[in-house]
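The values are calculated or read from the model by the stated rules, or taken from the named source; none is laboratory data. Worth saying up front: this structure is predicted, and the values here are computed from it rather than measured. Reconstructed Cβ throughout: ideal geometry from the backbone, glycine too, with neighbour counts over all protein chains shown. Note: accessible area is taken over every heavy atom of the protein model, side chains too, but ligands, DNA and RNA are not part of it. Shrake-Rupley method; radii C 1.70, N 1.55, O 1.52, S 1.80 Å.
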Amino acid sequence: MFEGVQSPAQATYGPFSGQILFSVLMLLGLACFAYIVMKRMAPLLRAESDFRFDRPLVRLGRLGRFWLGQWKHPRYRFAGSIHILIFTGFLVLATRAFSLLILGVSGSFVMPGFPGMAGHIYDGINDYGATIVFLCMVIAATRRLVFKPARYEVPARYGKGHKADAIFLLGLIAILMLAESVFEGSKAALQAQQGQPVEFLAVLSLPWMFKNAFLSISAPALWDLYRASYLLDVVTFFFLLCYRPFGIQFHVETSLFAVYFAKLDRGTVKPVRWGVTDDQLDKVKSFGVKTFQDFTWKHMLDFYSCADCGRCSDNCPANAVGRPLSPRFLTIKARDYAFQHYPVLGSSNNGTPLIGGIYSEDEIWSCTTCGACEEECPLLIEYIDKIVDLRRGLVDDGNVPKSIQKALKAIESRGNPYGKMEKKRADWTKTKEFQPTCDVKVLNGSNGADTLYFVDSITSFDDRMQSIGQAAARILNDVGENFGILGPAEKDSGHDVRRFGEETLFMALRDHNLEAIKASGIKRIVTSDPHAYNALKHDYKDLPPVEHISQLIAREVKSGKIKFNPAEAEDNSKVYVYHDPCYLGRHNQVYDDPREVLDAIPGVKRVEMARSRDRSFCCGGGGLMLFYEPQEEQRMGVKRVQMAAEAGANVIVTACPFCMVNIEDAIKVSGMEGKMTAIDLAELVDGRLARAVPSPAEIKEEPVMV
Ligand code: SF4
Ligand code: SF4
């Protein structure tokens, strides 16, 4: 209620009454906003479908946690805290903005439920809200202009930066906060000058400071200030509302929907087309994303929702080693493309190919699908599905790097990327060192087993990685598992074939393995390869329960079936560090089991790397990445080995054969041979198990020194 001071609606502005002027401004502002949003939504309406309407309660819960609760923001403590303050201030000020705007058309308006004292308290909270948001704008602008955090920078190859846009928006919000505060302060000063009851203003808030500063100003000047600040507030508000869909601030509106519709299931890959079954795929004329219009509506919504905070790229290993990929710019370039080709004024003009247009082939092949970007993004923006879809488009057009083509052809003809004969798949079980220690059954339909040890290609055929398979088999044997392998009947799990965009080849591999697994009659599956684990768990359907060997070991350590040799055997100079494989950790949340196993081994001294668990740094990518040499300044594995050394470790333990290839290679390349070794968790456990008959690993005592 405006006691004694006319409301903006009752005031006059030149020839116009406030009520008419603000009604017109409000209608114009809302109409412009509605039109711009409609134009921005136009490509989404024509986009590919996406199924995001399931599990509404789960989605609402995540909305509360990640959007309203700003769950991921504190991962960057300072910037995150600022963002939480701004976001909270915005929520408080949203209702205040509404009540202020109504004052322009109705002088007697009081927010429902907030008359009297409750209204004063509410006003006090608003006063502090405006003050905090203003200060946060100043801090955020200073950070961008003076301290220039590296993650905001835009390398020349990714086009022009959006710093000016960001600063302009911060400035607009700051003006809005100032205008509101001057309005409140001048109103209170007028009330004081007229000897009327003065509205409560929170002590030390901006409106309170303005009120005190204005008390000595003459009444006519104060009145002008009062009216002008209100006009400025309304104009800035609607300008900001309509300007936001042209830049990063659009994320304030769209992120609400992007978070609600975010992907719920980890480790999965989207189908080629939502609503098209595998049997109908041969009718699909074009696979994957080739033009902007091939993205799904949710992926387009992601482009609009990115806050350009750079956290994804800051954590992307490909970006860190100088590969031509930065997830942030995958989004920013697509958003710029959408703004340019679906303009607010004029007609749309889509259809130009994305590859060779805004993206390069190397950029798309550089991703290891490690998931660090998605884990970090506070708005749950997705990358892997988009990259896989872009690769599907490249594969469909025959644009696959030669080295990968060769591996894919070998998988197609022989079921493994090395082109080795199928009948040699179980040869690792027959070596003269291994066979006397463990008899591995090759399941053929007549010899049953409860557990299938799914080996996958690298462990079956790579001489070094066969040692992981042998260690895993001996552990299974020791804990009394009745297990077997598929041998020649097993083909590559197809995990990385799928993530490289070769969906039809993946489907053939999956169907073959499904049939072989079903024919074997097993009741559960164990694998020592996180890529196979992820494929069997998420890409295959209707399989018995699947476990990674680290989960089984952790369980059997707890049950007492696995006991370790006493500490005397342990070398005190060894410091172990566990490297989380992406497809065990981030994609499947298996973080604790391998650590618990390590901690249960007597005498094992373990440290953590700064980047561990869900912030683990990819070793360089598994699967077909082994067959691709992207442009890069440094190998990811080398960076990872340096991180282990910085943590004070000299033994890197991992639980993935692909990590082992990359890490051992990196130890050699970085000249750390003799100073650093790598060992798989299964090998370490196998070597430390308390057994009646020692294993060859125990006899050797030491892991392989590379
Ligand atoms: S999945 Fe990993 S490599 Fe790929 S863009 Fe994301 S962070 Fe980078
Ligand atoms: S995708 Fe997410 S993490 Fe990356 S810049 Fe955008 S908002 Fe930030």
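Structure summary
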{"read-out": "Signed unit charges on C-beta, dipole axis of the chain, positive-most listed residue Phe329, Ala647, Thr368", "value": "Phe329"}
{"read-out": "Mean-position separation - Cα centroids, segment 192-239 and segment 461-504, in angstrom", "value": "73 Å"}
{"read-out": "Shape call, the chain: gyration tensor on alpha carbons, a/c limit 1.5", "value": "prolate"}
{"read-out": "Which listed pairs, of Lys39/Lys285; Lys263/Lys541; Lys639/Lys675; Lys290/Lys386; Lys423/Lys518; Lys406/Lys541, have C-alpha distances above 23 Å, in listed order", "value": "Lys39/Lys285; Lys406/Lys541"}
{"read-out": "With every protein chain in place, segment 129-199: carbon and sulfur % of accessible area (1.4 Å)", "value": "70 percent"}
{"read-out": "Sites Asn399 and His512, calculated FRET efficiency, Cβ-Cβ separation with R0 30 Å, nearest 0.05", "value": "0.65"}
{"read-out": "Whole-angstrom gap from segment 1-49 to segment 343-402, using each part's C-alpha centre", "value": "38 Å"}
{"read-out": "GluC sites (Glu not before Pro) within segment 618-671: DSSP coil, no more than 14 neighbouring Cβ in 10 Å", "value": "Glu633"}
{"read-out": "Overall dimensions of segment 278-396 as given by Cα atoms, namely Rg and Dmax in Å", "value": "14.5, 43"}
{"read-out": "Most positive-pole-ward Cα, Met38, Leu103, Gly119, against dipole of segment 17-153 from beta carbon charges", "value": "Met38"}
{"read-out": "For the chain, size of Cβ-based charge dipole, Lys and Arg +1, Asp and Glu -1, in debye", "value": "680 debye"}
{"read-out": "Packing-based order for 384-390, 9-15, using average beta carbon neighbours within 10 Å, highest first", "value": "384-390, 9-15"}
{"read-out": "Tensor-based shape of segment 332-458 (alpha-carbon gyration tensor, a/c under 1.5 rounded, otherwise prolate or oblate)", "value": "prolate"}
{"read-out": "Cα gyration tensor of segment 406-699 - equivalent ellipsoid semi-axes, whole Å, descending", "value": "28, 24, 17"}
{"read-out": "Segment 533-589 versus segment 419-456: alpha-carbon centroid distance in Å", "value": "21 Å"}
{"read-out": "Qualifying aspartates and glutamates (Cα of each under 19 Å from Cα of Lys574; at least 8 residues distant if same chain)", "value": "Glu596, Asp599, Glu608, Glu646, Glu664, Glu673, Asp680, Glu683, Asp686, Glu698, Glu701, Glu702"}
{"read-out": "Equivalent ellipsoid semi-axes - Cα gyration tensor, segment 473-530, angstrom", "value": "25, 14, 8"}
{"read-out": "Taking N as its residue count, the alpha carbon Rg of segment 456-557 over 2.2 N^0.38 Å", "value": "1.05"}
{"read-out": "Counted charge near Leu145, where neighbours are those whose Cβ lies closer than 14 Å (Asp, Glu -1; Lys, Arg +1)", "value": "+2"}
{"read-out": "Beta bridges by DSSP in segment 406-699, antiparallel share as percent, to the nearest 5", "value": "5 percent"}
{"read-out": "Under the span-like rule (Cα at least 30 Å along the axis, Kyte-Doolittle mean at least 0.5), DSSP H helices of the chain", "value": "18-46, 77-103, 116-142, 163-193, 219-243"}
{"read-out": "Lys, Arg +1 and Asp, Glu -1 on Cβ, resulting dipole of segment 171-236 about Cα centre, debye, nearest 20", "value": "100 debye"}
{"read-out": "Neighbour net charge for Gly89 - beta-carbon separation under 14 angstrom, K R +1, D E -1", "value": "-1"}
{"read-out": "Length-normalised contact order for the chain - Cα pairs under 8 Å, 6+ apart - percent", "value": "12 percent"}
{"read-out": "Positive-end residue of Ser23, Val252, Leu145, charge dipole of the chain with Cβ unit charges", "value": "Ser23"}
{"read-out": "Local net charge near Glu422, Cβ-Cβ under 12 Å (Lys/Arg +1, Asp/Glu -1)", "value": "+3"}
{"read-out": "Beta bridge orientation in the chain: antiparallel %, DSSP, nearest 5", "value": "15 percent"}
{"read-out": "Å² of accessible area per residue within the chain, as computed with a 1.4 Å probe and no ligands counted", "value": "40 Å²"}
{"read-out": "Peptide ranges 71-83, 222-234 listed from the most packed, as the mean C-beta count within 10 angstrom indicates", "value": "222-234, 71-83"}
{"read-out": "In nm, spacing of pseudo-spin labels at Leu27 and Val276 (7 Å Cα→C-beta vector)", "value": "4.8 nm"}
{"read-out": "Peptides 182-191, 129-138 ordered by average Cβ neighbours within 10 Å, highest first", "value": "182-191, 129-138"}
{"read-out": "Magnitude of the charge dipole, segment 67-173, Cβ model with Lys/Arg +1 and Asp/Glu -1, debye to 20", "value": "740 debye"}
